Amino acid sequence: MSSATPHPDTPRVRRLPLAGVLRLGRPSDIWFKPALSVVVAVAPPNLTLLALGRLDLAMYTMAGSLCALYAHNRPYAARARALAWVVLGMVAGLAAGLVAASLTGSAVVLVTVGALVAAVQKTLCDATRIGPPGHVVLTFISSASLFAPQTLVQVPGHLALALATGAWAWLVGMAPGLFRPHGPERRATARALDAAAAYAEHPRPQASGTAHAAVQAAW
């Protein structure tokens, strides 16, 4: 047998399926809503601070305003509750960071507090299935507050700013309900019917027309 002939037991080289990993997924049909909501929630408080010459307080207003990122896929009754809990969770994490920053300058202590707060935020976000962006924004704000120059006397005022802008973010998140009160439910129904139509097209082509008609009716 020639030495150039491959041995039948030679293992075949398997290529990593990188194409599937690197392929961009289809964006959500409401991908623009969190971004627009944050712009509306951030702009008025920060422009007010700019006019007053107090942009040093922007971190605390941003903490509340960024709550507008959450719960856009939920019906408005559930969104109201979810956003309220997000605002309270954001303020609680910020409070832990600011109090720790005002009591100690030890990096070891501050990092430990940050790790514990992040663990709690991650656990609660997973348990409540709050959805994207999950605990990431909460942890970012609470971690940043750990190293903000702070005194105990300043903490209540800074938390009040975060709570006030959080209330504004709540209003921004709920405002679309005035125009389309059942918009989230309609989108969820349309997604379900889209999935059903895609499934029906392959094993039962004759059912696709009915399924597509149902999707249009749902929209």
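The values are calculated or read from the model by the stated rules, or taken from the named source; none is laboratory data. The shown structure was predicted, so the numbers you read here are calculated from the model rather than taken from an experiment. Neighbour counts are summed over all protein chains in view; Cβ atoms, including those assigned to glycine, are modelled from backbone coordinates with ideal geometry. SASA here: full protein model, heavy atoms, side chains in, ligands and nucleic acids out. Shrake-Rupley method; radii C 1.70, N 1.55, O 1.52, S 1.80 Å.
Scanning segment 41-79 for residues that are among the hydrophobic types (A, V, I, L, M, F, W, C), over 25 Å from Val113 (Cα atoms) and out of contact with any helix residue (DSSP H, G or I) (no Cβ under 6 Å at 6 or more places or on another chain) turns up Ala43, Leu47, Leu50, Ala51, Leu52, Ala77, Ala78. For segment 88-113, the set of residues classified as open to solvent by 70 Å² or more (accessible area, probe 1.4 Å) and small (Gly, Ala, Ser) consists of Gly105 only. Pairs are defined by a Cβ separation below 6 Å, a sequence spacing of at least 6 or placement on different chains, a first member in segment 69-95 that is farther than 14 Å from Val120 by Cβ, and a second member that is open to solvent by 10 Å² or more (accessible area, probe 1.4 Å) and of a type in the set (D, E, K, R); the pairs so defined are His72/Lys33; Pro75/Glu185; Ala82/Arg74. Among residues of segment 172-183 that are at pLDDT 70 or above, those with a Cβ under 7 angstrom from a residue that is of a type in the set (D, E, K, R), sequence gap 6+ or separate chain, pair up as Gly173/Arg79; Met174/Arg79.
Would you pick out the residues in segment 149-166 that are of a type outside the set (Val, Ile, Thr) and assigned to a helix (DSSP H, G or I)?
Pro156, Gly157, His158, Leu159, Ala160, Leu161, Ala162, Leu163, Ala164, Gly166 - these are the residues of segment 149-166 that are of a type outside the set (Val, Ile, Thr) and assigned to a helix (DSSP H, G or I).
Hey, could you check segment 114-143 for residues that are touching a residue at least 40 places away in the same chain (Cβ under 8 Å), open to solvent by less than 40 Å² (accessible area, probe 1.4 Å) and of a type outside the set (S, T, N, Q) and say which is farthest from Ala92 (Cα to Cα)? Per the stated criteria, the residue is Gly131.
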